[in-house]
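Values quoted throughout were computed directly from the atomic coordinates according to the rules given, and no laboratory measurement underlies them. Nothing here was measured: the structure is a model prediction, and the numbers come from that model. Counting neighbours? That spans all protein chains shown, and the Cβs are built from the backbone with ideal geometry, glycine included.
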Amino acid sequence: MEFRLTPEQQQFRDAVRRFAQKELAAGALERAHAAGYPWDVAKLMAKQGLLGITIPAADGGQGGRLIDAVIAIEEIAAACPRSADVVQAGNFGPIRVLAEYGSASHKTAFLKKLLSGESVISVGMTEPDAGSAATELKTTATPDGKGFRINGSKIFTTHSSYADVILAYVRFGPGVGGIGSVLIEKNAAGVKLGKASSFMSGEEWAQIYFDNVYVPPELVLLGEGGFKKQIAGFNVERIGNTARSLALGRYAYERAREWALQRKQFGRLLCEFQGLQWKFAEMKMKLDAGQLLLYRAAVNADTGFPSAEETAIAKAYCNQAGFEVANEALQVMGGMGYSREALVEYCLARCRGWMIAGGSIEILKNRIAEGIFERSFPQRP
Ligand SMILES: Cc1cc2nc3c(=O)[nH]c(=O)nc-3n(C[C@H](O)[C@H](O)[C@H](O)COP(=O)(O)OP(=O)(O)OC[C@H]3O[C@@H](n4cnc5c(N)ncnc54)[C@H](O)[C@@H]3O)c2cc1C
């Protein structure tokens, strides 16, 4: 067993670190509170080879491993938390599912632009009546000639206002077996966005309505029976979510550590108070433990998809750890931690969201319990 990065991984980490410090660190505060997608960052990352890290070279990616993409997200987040979302979008999200299951024509139509940082893709799974119970989704795909008509709506979709294409989970027939996915271009007739809204982190979202949207046969990604494959790919998204939780927790921890080394009260540095030292010890223990769980899931996935169980354990732990660490870091920094002058409150708000997004902590614990008892526990009455 080896707990160190390989020399190649260290070289890659150092190169990403240099890039992030040079190009991203200075604008981190402004970027975190800016509306819209950081397209300038996406283009820079495309040039640097940080989009499509795990996508095969034949498809325009870098042909790397999942752990390489995790290293990239960690190094980018350490300089600019908001820019870590670009690494997520370009490596972990629906882009990876598209690269895995998409046809040559899907790749020509969408992947090239996604990898060049000119476009972004959303995953539309959640609906008003289908959140944790994702398989209760109601959006239908009804045959029309050779293609399908899509009717329904999606909520909370990340990138909904600026994505060009949505990988939408739809129902071709009844039950779990009836679920598959289609690629819907945002400018297709019948696609409408509802009222703009935002999460507590400031991230924007808007309900997406599909009103009799025509999807030609070539834009079906996974037809009827595709749900399990789709969710296997979604575990990659969860690893990116896990990595960002931990990385933003670590960002907040580093700011608090620096603060405790220079802020004086009662004539002493904050780091000299034992009550605060123990907070730091707890934070460090959580970050280190989370990193081991994250690395286990990512390393074992190698160039494929990560195991559902290892992903669930890593995500549930790191979502909690990231949030708790950011919260304690904010406390250590007092009013400055709570202020928008520092990015600690931003990290806290983002980490809070990841406890819900991509499979809530409770749903992941249900999955972990199934592994423990080696049986399924249907949640329906
Ligand atoms: C920041 C953010 C980004 C998101 N991005 C996307 C996106 O890009 N695409 C997309 O499709 N969706 C996205 N979502 C939606 C997200 O996937 C859902 O919010 C999530 O699945 C939970 O669904 P819900 O909000 O409807 O909560 P509900 O399912 O109504 O759950 C409410 C609460 O009950 C708990 N609960 C539910 N069922 C059980 C159970 N069986 N056992 C124990 N507890 C249970 C949940 O854990 C939660 O705490 C995003 C959400 C957030 C917050």
Problem - Residue under evaluation residue 239, criteria (1) under 30 Å from residue 314 (Cα atoms); (2) surrounded by fewer than 17 Cβ atoms within 10 Å (Cβ to Cβ); (3) within 16 Å of the ligand (Cβ to nearest atom), criterion not met - result: (2)
Exercise for the section: Among residues belonging to segment 196-225 that are outside any strand (DSSP E or B) and within 12 Å of the ligand (Cβ to nearest atom), point out the one that is surrounded by the most Cβ atoms within 10 Å (Cβ to Cβ). Expected result: 203
Exercise for the section: Give segment 173-228 a look and list any residue that's among the charged types (D, E, K, R) and closer than 30 Å to residue 340 by Cα, or say none. Expected result: 195, 203, 204
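When only residues in segment 91-128 that are β-branched (Val, Ile, Thr) and within 15 Å of the ligand (Cβ to nearest atom) count, which is surrounded by the most Cβ atoms within 10 Å (Cβ to Cβ)? Steps first, answer last, please.
Here is the first cut: in segment 91-128, the ones β-branched (Val, Ile, Thr) are 95, 97, 108, 120-121, 123, 126.
Okay, now just the ones that are also within 15 Å of the ligand (Cβ to nearest atom), so 95, 97, 120-121, 123, 126.
Numbers: 95: 29, 97: 25, 120: 23, 121: 22, 123: 25, 126: 17.
Among residues in segment 91-128 that are β-branched (Val, Ile, Thr) and within 15 Å of the ligand (Cβ to nearest atom), the one surrounded by the most Cβ atoms within 10 Å (Cβ to Cβ) is 95.
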Exercise for the section: Tell me which residues, restricted to segment 292-305, are more than 16 Å from the chain's Cα centre (by Cα) and not in a helix (DSSP H, G or I). Expected result: 302, 303, 304
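Return the residues of segment 193-250 that are of a type in the set (Asp, Glu) and in contact with a strand residue (DSSP E or B) (Cβ under 6 Å, 6 or more places away or on another chain); say none if nothing qualifies.
Passing the criteria: 204, 224.
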Exercise for the section: Inspect all residues belonging to segment 334-351 and state whether any of them is within 14 Å of the ligand (Cβ to nearest atom), touching a helix residue (DSSP H, G or I) at 6+ places or on another chain (Cβ under 8 Å), closer than 18 Å to residue 233 by Cα and of a type outside the set (D, E, K, R). Expected result: no
Practice task
Tell me, yes or no, whether segment 107-119 has at least one residue that is of a type outside the set (Asp, Glu) and touching a His at 6+ places or on another chain (Cβ under 7 Å).
Solution key: no
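Conditions (1) among the aromatic types (Phe, Trp, Tyr); (2) surrounded by fewer than 16 Cβ atoms within 10 Å (Cβ to Cβ), marked per residue:
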| residue | (1), (2) |
| --- | --- |
| 317 | yes, no |
| 322 | no, no |
| 327 | no, no |
| 332 | no, no |
| 338 | yes, yes |
| 342 | no, no |
| 356 | no, no |
| 376 | no, yes |
Exercise for the section: Please tell me if residue 268 is over 21 Å from residue 79 (Cβ atoms), basic (Lys, Arg) and surrounded by fewer than 22 Cβ atoms within 10 Å (Cβ to Cβ). Expected result: yes
Fill in the blank from the handout: From the option list 167, 183, 193, single residue qualifying as within 16 Å of the ligand (Cβ to nearest atom), in a strand (DSSP E or B) and surrounded by fewer than 17 Cβ atoms within 10 Å (Cβ to Cβ) is 193
Exercise for the section: Just one of (1) touching a residue at least 40 places away in the same chain (Cβ under 8 Å); (2) out of contact with any helix residue (DSSP H, G or I) (no Cβ under 8 Å at 6 or more places or on another chain); (3) more than 20 Å from residue 160 (Cβ to Cβ) trips up residue 108, so point out which. Expected result: (1)
Completion exercise
The number of residues in segment 87-139 that are assigned to a helix (DSSP H, G or I) and among the charged types (D, E, K, R) is 6
Completion exercise
Note on residue 58: of the conditions (1) within 23 Å of residue 346 (Cβ to Cβ); (2) without any contact (Cβ under 8 Å) to a residue 12 or more places away in the chain, unmet is (1)
Problem - Of the criteria (1) near the ligand (Cβ under 9 Å from one of its atoms); (2) touching a strand residue (DSSP E or B) at 6+ places or on another chain (Cβ under 6 Å), which one residue 134 fails - result: (2)
Exercise for the section: Please go through segment 140-159 and pick out each residue that is under 24 Å from residue 379 (Cα atoms) and in a loop (DSSP other than H, G, I, E, B). Expected result: 155, 156
Handout entry: Unmet requirement for residue 302, which otherwise passes all of (1) more than 11 Å from the ligand (Cβ to nearest atom); (2) touching a residue at least 40 places away in the same chain (Cβ under 8 Å); (3) touching an Asp or Glu at 6+ places or on another chain (Cβ under 9 Å)
Key = (3)
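Mind counting the residues in segment 356-381 that are near the ligand (Cβ under 8 Å from one of its atoms) and out of contact with any Asp or Glu (no Cβ under 7 Å at 6 or more places or on another chain)?
From segment 356-381, those near the ligand (Cβ under 8 Å from one of its atoms) are 356-363, 365-366, 379; that's our starting set.
Next, only the ones that are out of contact with any Asp or Glu (no Cβ under 7 Å at 6 or more places or on another chain) stay: 356-357, 359-363, 365-366, 379.
Number satisfying all stated conditions: 10.
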